[in-house]
Amino acid sequence: MSATIRDVAKAAGKSVAAASAVLNGRTGGTIRVSDETRRKIEEAARSLGYAPHPHARSLATRKSGVLGLVFPYVEAFTDQNPFCSRIMAGVFDEAVHLKQNVMLFTAVAGDSGAAPERSIVSPRVDGLILVLPRPGSAVLEQCRKKGMPCVTVVHRPADDTEITVNADDYRGGKLAAEHLIKIGHRRIAHLGGTPYVASSAPRWQGFADTLRDAGLGPTDEALIPAGFDWADGIAALDRIMAMPANQRPTAVFAANDLCAGGVLRQMKKLGLKAPDDLAVVGYDDTWLAAASEPPLTSVRMPIYEMGVTASARLVSLIEGHDVPCRQAVLPVSLSVRASTVGTVGGADAGSSGQAKPERR
């Protein structure tokens, strides 16, 4: 039978009230204990193997010990999207480290303005991590109104008070363009991400500025609307192949690895090869990049680290600590593989900020 607070109090020679205050974090106010009393109670609890009941602790602290992780679409949990799974892994790992639980939500209903956002912004969770929230997110607005701690991931902050975690997507666009220019390409296109996603615009801007600095435009053909899925890459390549031969790009920088994977898949169907017929760069540098055929050069977005950072900052907020850098921007790098340089190890391999692929 597990030890109770009464057992701990008896072993420490202290009152049940003092033991409860120490073990449930309620010291201060009308209940005060000395350092010596705290030490004896904690030693007794350790020796007896006492573990506080989660429900009792939540009543004492008025906290649930649960973080809410919110994605804007149901498929984040079902389609094995590498971006979503890496964010979740980072959030979960840091939550476990900080002795928190995680509850998963989808914000589709709440972001359409319907009532279900109330089921997210509720006492069931102490705070929320919103991943890829749309501009004007109803859930984010509810957090602001109700004072619920909230951290956004991949989101353009509305003001200096919002706590966000982003990657340096402008730098990511520059890295992709610099690499392709360095290996000799002059007609280069970006397969742009979904416009409302906060990372899409800075990636294009970094890419376009680099082309401009190199005297290469950008031309009207440099931005091809696409998206973040396989089908978007397939459709983008079909659009490229419909262009006059003298206007087609010789290299593309895709919105993400999934989009780039669609390009590679369609190239194989059409009898084309990367990089001979078209060099391809992805974004995210997930497991999918290394597993592609050929292996995909990709800008490494620190997705796992973004999840870890979001969890850590949310718990700091919940516990009332200050968050000095409220809008974190994590660095990116470039992993060069055979989709752009043929056999990796050539002149450009490693010279564009190449990162060793993350082991997962």
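The values are calculated or read from the model by the stated rules, or taken from the named source; none is laboratory data. Note that the structure is a prediction, hence the values are computed from the model and not measured. FYI the Cβ positions are ideal-geometry reconstructions off the backbone, even for glycines, and counts take in every protein chain you see. For accessibility, only protein heavy atoms count, side chains too; no ligands or nucleic acids. Shrake-Rupley method; radii C 1.70, N 1.55, O 1.52, S 1.80 Å.
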Tell me, what HN-Hα J-couplings in whole Hz come from the Karplus equation 6.51 cos²θ - 1.76 cosθ + 1.60 at θ = phi - 60° for each residue of region 215-221, using x for Gly and Pro?
x, 10, x, x, 7, 4, 7
Starting from the amide H of L330, placed 1.01 Å from N in the peptide plane, find each other amide H under 5 Å away whose residue is 5 or more places distant or on another chain.
N166, A167, D168
Solvent accessible area, Å² - T250, 1.4 Å probe, full protein context:
50 Å²
Built amide H within the under 5 Å cut-off of L128, gap 5+:
G68, C150, V151
Which links in K182/K273; K146/K174; K145/K174; K174/K268; K40/K145; K40/K146 stretch past 32 Å when you go from one Cα to the other?
K146/K174; K145/K174; K40/K145; K40/K146
Pop out the carbon and sulfur fraction of the accessible area of the chain as a percent, whole number, probe 1.4 Å.
53 percent
Whole-Hz Karplus ³J(HN,Hα) for region 121-132, in order, using 6.51 cos²θ - 1.76 cosθ + 1.60 and θ = phi - 60°, x for Gly and Pro?
7, 8, x, 5, 10, 8, x, 10, 10, 9, 9, 6
Taking the Cα centre of region 137-296 as the origin, how large is its charge dipole in debye, to the nearest 20, when only Lys and Arg (+1) and Asp and Glu (-1) carry charge on their Cβ atoms?
240 debye
Non-local residues with an amide H under 5 Å from the amide H of G192, with H modelled 1.01 Å from N and Pro and chain starts lacking one, are I224, A226
Picking from V121, H155, G136, whose Cα lies most toward the positive end of the charge dipole for the chain (charges on Cβ: Lys, Arg +1; Asp, Glu -1)?
V121
Would you work out which of Q247, V96, T210 lies farthest towards the positive end of the dipole of the chain, given +1 charges on the beta-carbon of Lys and Arg and -1 on that of Asp and Glu, about the Cα centre?
V96
Hey, what's the per residue convex hull volume over the C-alpha atoms of the chain, in cubic angstrom?
174 Å³
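Under a 1.4 Å probe, what is the accessible area of region 227-318 per residue, stated in Å²?
On the way: 3370 Å² over 92 residues.
Result: 37 Å² per residue.
Dipole magnitude of the chain about its Cα centre, charges +1 at Lys/Arg Cβ and -1 at Asp/Glu Cβ only, in debye to the nearest 20? Kindly include the intermediate steps, with their values, before the conclusion.
On the way: 41 positive and 37 negative charges, 238 e Å.
The dipole of the chain has a size of about 1140 debye.
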Here, E141 and R212, labelled 7 Å along Cα→Cβ, have an inter-label distance in nm of 3.4 nm
Can you work out the base-10 log of I(q)/I(0) for region 208-340 at q = 0.11, 0.15, 0.19, 0.21 1/Å, using the Debye formula on its C-alpha atoms alone?
-0.48, -0.76, -1.05, -1.20
When the charge dipole of the chain is computed with +1 at the Cβ of Lys and Arg and -1 at the Cβ of Asp and Glu, the Cα pointing farthest to the positive end, of G13, F83, L278, is that of G13
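What ranking of Y73, Y283, Y170, Y50 comes out by heavy-atom accessible area, probe 1.4 Å, highest first?
Numbers: Y73 65, Y283 0, Y170 90, Y50 40 Å².
Reading off the accessible areas and sorting them downward yields Y170, Y73, Y50, Y283.
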Contact order relative to length of the chain, as percent, for alpha carbon pairs under 8 angstrom and 6 or more apart
16 percent
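Mind checking the alpha-carbon convex hull of region 127-170 and giving the volume per residue in Å³? Each step should come with its number before you reach the end.
On the way: hull volume 3.2 nm³, N = 44.
Normalising the Cα hull of region 127-170 by residue number yields 73 Å³.
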